[in-house]
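Quick notes on the structure that follows.
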Amino acid sequence: MKGRLLEGKKGIIFGALNESSIAWKVAERAVEEGAEIILSNTLMALRLGDTDTLAEKLNTIVVAADATDIDDLDQLIKKAMEHFNGKFDFILHSIGMSPNVRKGRHYSDLDYNFLDKTLDVSAISFHKVIQTARKNDAINEWGSIVGLSYVAAQRTFYGYNDMADAKSLLESIARSFGYIYGQEKKVRINTISQSPTPTTAGKGVKGFDHLLDFSERMSPLGNATAEECADYCLTLFSDLTKKVTMQNLFHDGGFSSMGMSLQAMQQYDKSFEYDKEHPFD
Ligand SMILES: NC(=O)c1ccc[n+]([C@@H]2O[C@H](COP(=O)([O-])OP(=O)(O)OC[C@H]3O[C@@H](n4cnc5c(N)ncnc54)[C@H](O)[C@@H]3O)[C@@H](O)[C@H]2O)c1
C-alpha cells in the first residue's frame, strides 16, 4: 500500500536499530507515503545495528546522537534543518532502555543509578528532544511529535520493572509540553501505547513470550504488530489528526479496556483441569 499521506512532510525518526524495530517500520512507511526523513540513533547502536542499511535503502542520512545528550541533540536538529533546508514537520521518539531490566534487578531491589539512566533514556530524553527542537524553532506549525509507550504506565505488569515508571513520565511529558508547544506553535505531542511487540527492547522484558501470548488472548483484535503501529504513527504525522494532542493513544487491539476474555478464561481453566489430574505434580 503506497500513498501520498505524508507528501511534503519532513521528519526525524529516532530508534531504528534493526528490522524488527518499530522505528524501522515507521521509517519505511513514512517514505512510502511521500515523507523525507532523517534517521538517528546512538553511536553504539550504529556500530551494532543495521541503521545504515536502512538509510541506504531509503536513500537518506543517519545522524548519530545520544538522546540524553543536549549537545548531540542540538547538533542533530541543526543538521536536520540544514538537510531539509529549513523547518520540518514530525519527530518519532522510539527510544527505551532500562539497565535494571537488562541486569535482572528486581523492582524491590533497584539500583538507583540504573533507575536514573532508565528515566533519562526512556522518558527525559523525550523532553530533551522537544526542548531542543523548540529552542531551534525547528518544527513547522501543525507539526507532530510522537513517543511510544506501554500500558504498564497505568497498570502493573510484573516484569516491566522501572520501565513502567519511565512510561508514566513519558506520557506526562507529552501532556505538559503538549500544552506549551500547542499554544505557541500549534505543534501537537502524543504518545502511542503499543501492544507487546517482538523487538530487541521488547524481548528484554522478563517473561516477554508469556506477556505476548496473554495479551493476544485478551485483546479482541489481537496484538498490534510493529507494521500496524507504523501505520498509526503515520496518521499522527499527517494532517488528518491536526487537533489531536496531549493524548496517550492505545494501539493494542482493545487490550487496555479488557478485564477478562473468553480465550484467556479457557486457558486459565485448563490449568485447573491439569491440577485435578495431577494433583501432586
Ligand atoms: N517492543 C515492545 O513490546 C514495545 C511495546 C510498547 C512500547 N514500546 C516502545 O517502543 C519504543 C521502541 O522500541 P522497540 O520495541 O522498537 O525496540 P528497539 O530495541 O528496536 O528500539 C529501541 C531503540 O532505542 C535506542 N536507544 C537506546 N538508548 C538510546 C539513547 N540514549 N539515545 C538514542 N537512542 C537510544 C536503541 O538504540 C534502539 O534503536 C521504545 O520506547 C519501547 O519502550 C515497545
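Structure notes:
- Search result, residues across segment 115-139 that are within 10 Å of the ligand (Cβ to nearest atom) and of a type in the set (Lys, Arg): LYS117, LYS128
- Filter result for ALA201 (among the aliphatic types (A, V, I, L, M), within 14 Å of HIS251 (Cβ to Cβ) and crowded, with 20+ Cβ neighbours inside 10 Å): no
- Residue selected from segment 81-97 under the condition within 15 Å of the ligand (Cβ to nearest atom) and open to solvent by less than 10 Å² (accessible area, probe 1.4 Å), by the criterion nearest to GLY8 (Cα to Cα): ILE91
- When residues of segment 28-53 are limited to those that are open to solvent by less than 30 Å² (accessible area, probe 1.4 Å) and either assigned to a loop (DSSP other than H, G, I, E, B) or in contact (Cβ under 8 Å) with a residue 60 or more places away in the chain (or both), the one nearest to ILE139 (Cα to Cα): ALA35
- Of the residues contained in segment 199-207, one or more are found to be without any contact (Cβ under 8 Å) to a residue 40 or more places away in the chain and out of contact with any His (no Cβ under 9 Å at 6 or more places or on another chain).
- Residue that is nearest to the chain's Cα centre (by Cα), among those in segment 54-79 that are of a type in the set (S, T, N, Q) and open to solvent by less than 60 Å² (accessible area, probe 1.4 Å): THR68
- Elements of type helices (runs of 4 or more DSSP H) contained in segment 173-281, each with 2 or more residues being away from the ligand (no atom under 16 Å from the Cβ) and more than 17 Å from SER144 (Cα to Cα): 262-277
- Qualifying residue in segment 111-131 (condition: among the acidic types (Asp, Glu), without any contact (Cβ under 8 Å) to a residue 24 or more places away in the chain and assigned to a helix (DSSP H, G or I)): yes
- The residues of segment 1-43 that are on the phi > 0 side of the Ramachandran plot and near the ligand (Cβ under 9 Å from one of its atoms) amount to a single one, GLY15.
- Residues that are among the acidic types (Asp, Glu) and either under 17 Å from the mean Cα position of the chain (by Cα) or buried (at least 20 other Cβ atoms within 10 Å of the Cβ) (or both) within segment 146-198 comprise ASP162, ASP165, GLU171, listed in sequence order.
- Leading residue by the ranking (nearest to ASP213 (Cα to Cα)) among those in segment 142-162 that are within 11 Å of the ligand (Cβ to nearest atom) and part of a strand (DSSP E or B): SER149
The values are calculated or read from the model by the stated rules, or taken from the named source; none is laboratory data. This structure is a prediction, so every number in the text was calculated from the model and none was measured. Virtual Cβ from ideal backbone geometry, glycine too; neighbours counted across all protein chains shown. Surface areas here come from the heavy atoms of the whole protein model, side chains and all, with no ligands, DNA or RNA. Shrake-Rupley method; radii C 1.70, N 1.55, O 1.52, S 1.80 Å.
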